[in-house]
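Scroll down for the structure; my scribbles are underneath it.
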Amino acid sequence: MTPAIEVRNLWKRFVLRHNRAETLKSRIMGVFDSRLRERRETFWALQDVTLSVQQGETLGLIGPNGSGKSTLLRLIARTHYPTRGSVTVRGRVSPMLEIGIGFHQELTGQENIYLNGSLLGLSRREVERLYPAIVEFSELEDFIDVPVKNYSSGMHARLGFSIAAHLDPDVLLIDEALSVGDEGFQRKCQERMQQFRARGVTIMFVSHNLRTVASLCDRVCLLVHGKVEALGPVDAVVSRYQELTAAMTSGAERMLGPELSPRSGDVL
Amino acid sequence: MLNDTLRYRDLLVALVATELKVKYRGSALGLLWSLLNPLALILIYSVAFQYIIRIQIEHFTVFLIAGLLPWGFFASSATASTVSLMVNAGLLKKVHFPREILPAATVLFNLIQTMLALAVFLPSLFVLRGSVPWTLVFYPVVLAIQAVFVTGVALGLSALTVAFRDLRHLTEVGLTLLFWLTPIVYHISMVPAGMQAAFRLNPMTSFVSVYQDIAYWGRPPSAGDFLVLIGWAVSALLVGWTIFRRRAPYLAEDL
């Protein structure tokens, strides 16, 4: 079977620009005064990442903050571009990066559904067909003609997930999206994801909630400092992550003394 | 690339509709607002140049409108394009789509506004003047060539402003300067002979002169005129497109 997502020797470098020269003026001033000059530091967010996700597989992505999980998802969604290596995705991608897809705050929920549909490459007619189901799933019937700027963050997330969940995607990318919204809606999202799995949709899923990861994923990939630390069966990789976290926490305790050590939640 | 852009035609329409909705939502006059700005300028310049400065151009208002509306298309597109990527940072960061659609939507939106203004002001012109020159049939062709030119400028400016944020303010100042260096409220023949060559280096001089020929003088443009306009349009598109393609992969990171 051909993989739905293929990531080969992927490297991503970000340039951290201290004292960023964002204007022509500061660029010119930097020539005369070295204190005003921009300092650049490069930072490898992903280092030689290779992995593939089979069609219909759900891959969980775990790792500490700053380990490159979101960057990897962005590269697969093609909003960011690789420095080296390649990403190949087969089929229509429905990205759920951060909270909500890009909403236009001045437009109503209804108008945003149409705008987002066309952003993701659907024709107007296709969106018209999907529209009733999207509104029903989001439970926002009473607010659908209100500008999105008046929505709560939970309502944002609901509308975003509902759109992403109804686009009939071949590949679904989810970054922490399920952690927003009330418990009832979260359960609904998880049910929806199970339906997608049953239908053979390929899912890549980033989460810090190891219990959700264990219940939804076929395999898990652990990223640390932009490198693949472990990739394989759920139980093995999750326990490897827990060992790693425990080691990091006790290491921090030894160095700082118990009263100064950060709570494990902060380290994650 | 072109294929991709065609596939996203619905997105272009949706983005233009968004700009229209956002701009005119909650205003009683709606689209009529877009006529207020050219109307005010036409009144001010007509009074100032006809009655105060007493410029020696017959039917001055007709002459003015011939050049002012196409200038407005260029100037408002250039201004809006400097922010067209930045105001849509949220979309660029989260969804993959052909990035050039955003400046293209800005140009299309301004073209629609210009055509609306033309539909209202051009007929009123000929009431003042008493006749309609047949050369007006060239108008859509020249407008199409100008739209290509403006698209090139918008592509370049939108991408460069992401890297240099003060380009937005520079553009505004530059446009004010360029307005007075373009023969809109005066005729190119009034420029001292020694400076005329320099004035012709300004692409908007070429466009405005042709517009004045077809809407005011009733002179058909020559093949040479068309070559110059097409030359400007193609060069602007090539330069703008090259700049945009180089920056496009990094837009989501730089915003």
Sorted peptide list for B:111-118, A:189-196, B:134-141, criterion being average Cβ within 10 angstrom, highest first: B:111-118, A:189-196, B:134-141
Taking every residue in B:83-96, how many Cβ atoms of other protein chains lie within 10 Å of its Cβ, on average? 5
Leading residue at positive end of dipole, the range B:2-254 (Cβ point charges), from B:LEU41, B:LEU108, B:TYR51: B:LEU108
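At 1.4 Å probe size, with every protein chain present, just tell me what the per residue accessible area of the protein assembly as shown comes to in Å². All intermediate terms of the calculation are to be shown ahead of the outcome.
Numbers: 24800 Å² over 523 residues.
Per residue, the protein assembly as shown has an accessible area of 47 Å².
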Cα axis of helix B:139-163 to longest principal axis of chain B: angle in degrees, 0 to 90, nearest 10? 40 degrees
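Based on the Kirkwood radius over alpha-carbon pairs, what is the Stokes-Einstein translational diffusion coefficient of the range B:21-108 at 37 °C with 0.692 mPa s viscosity, in µm²/s?
Details: Rh = 15.8 Å.
The estimated diffusion coefficient comes to 208 µm²/s.
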First measure r as the distance between the Cβ atoms of A:ARG13 and A:HIS225, then evaluate 1/(1 + (r/R0)^6) with R0 = 22 Å and state the FRET efficiency to the nearest 0.05. 0.95
Please list B:84-94, A:110-120 highest first by mean number of surrounding beta-carbon atoms within 10 Å per residue. A:110-120, B:84-94
Measuring from centroid to centroid over Cα atoms, what is the spacing of the range B:43-72 and the range B:225-239 in Å? 28 Å
Vicinal HN-Hα couplings computed from phi for the range B:59-76 (Karplus, 6.51 cos²θ - 1.76 cosθ + 1.60; Hz; Gly/Pro x): 6, 4, 4, 5, 4, 4, 5, 4, x, 6, 5, x, 4, x, 4, 5, 5, 6
For the protein assembly as shown, the Debye formula with one identical point scatterer on each Cα and no solvent gives log10 I(q)/I(0) at q = 0.06, 0.08 Å⁻¹ as -0.39, -0.65
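Could you pull out every whole DSSP H run in chain A that spans at least 30 Å of Cα extent along its own axis and averages 0.0 or higher on the Kyte-Doolittle scale?
Numbers: long enough: A:234-256 (33 Å, 0.15).
Helix filter hits for chain A: A:234-256.
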Can you give me the angle between helix B:167-181 and the longest principal axis of chain B, using Cα atoms only, in degrees from 0 to 90, rounded to the nearest 10? 20 degrees
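Around B:VAL239, what is the net charge, scoring Lys/Arg as +1 and Asp/Glu as -1 over all other residues with Cβ under 15 Å from its Cβ?
On the way: positive: B:ARG245, B:ARG246, B:ARG247; negative: B:GLU100.
Once positives and negatives cancel, what remains is +2.
Using only atoms on other chains, find how many Cβ atoms lie within 10 Å of each Cβ of peptide A:114-122 and report the average. Walk me through the numbers on the way to the answer.
Numbers: counts 4, 6, 4, 3, 11, 11, 4, 8, 2.
Taking all residues of A:114-122 together, the mean is 6.
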Within 10 Å of the Cβ of an average residue in A:79-91, the count of other chain Cβ atoms is 2
Using DSSP, restrict attention to beta bridges with both residues in the protein assembly as shown and report what percent are antiparallel, rounded to the nearest 5. 60 percent
Student exercise, the range B:2-254 dipole from Lys, Arg, Asp, Glu Cβ charges, in Debye to nearest 20: 400 debye
Could you sort the peptides B:172-178, B:121-127 by per-residue average Cβ neighbour count (10 Å cutoff), highest mean leading? B:121-127, B:172-178
How much length, in nm to one decimal, is gained on full extension between A:VAL31 and A:ASN65, taken as 0.36 nm per residue of separation minus their Cα-Cα distance? 8.5 nm
How many angstrom lie between the C-alpha centres of the range A:103-157 and the range B:146-220? 41 Å
Ellipsoid semi-axes in whole angstrom, largest first, where each is sqrt(5λ) of the Cα gyration tensor of chain A: 32, 27, 20
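By the scheme Lys and Arg +1, Asp and Glu -1, what is the net charge of all other residues having a beta-carbon under 13 Å from that of A:THR108? Walk me through the numbers on the way to the answer.
Details: positive: A:LYS149, B:LYS21, B:ARG25; negative: A:GLU106, A:GLU111, A:GLU141, A:ASP142, A:ASP145.
It works out to a net charge of -2.
Can you run the Rg to Rh ratio on the range B:163-255? Use alpha carbon positions and the Kirkwood inverse-distance Rh.
Numbers: Rg = 16.9 Å, Rh = 15.7 Å.
In the range B:163-255, Rg relative to Rh is 1.08.
B plus A alone minus the pair: what accessible area, both sides summed, probe 1.4 Å, in Å² to 100? Walk me through the numbers on the way to the answer.
Working: alone 13140 and 14400 Å², together 24800 Å².
Approximately 2700 Å² gets buried when B meets A.
Let's see if you can work this out: charge +1 on each Lys and Arg Cβ, -1 on each Asp and Glu Cβ, no other charges. What is the dipole magnitude of the protein assembly as shown about its Cα centre, in debye to the nearest 20?
About 1160 debye.
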Largest first, please: the extent of the C-alpha atoms of chain B along each principal axis, to the nearest Å. 56, 46, 33
Helix B:101-129 sits off the longest principal axis of the Cα atoms of chain B, rounded to the nearest 10 on a 0 to 90 degree scale, by 20 degrees
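The values are calculated or read from the model by the stated rules, or taken from the named source; none is laboratory data. All values reported here derive from a predicted model rather than from experimental measurement. Glycine gets a Cβ as well: all are built from the backbone with ideal geometry, and neighbour counts include every protein chain shown. Remember, those area values only see protein heavy atoms, side chains included, never the ligands or the DNA or RNA. Shrake-Rupley method; radii C 1.70, N 1.55, O 1.52, S 1.80 Å.
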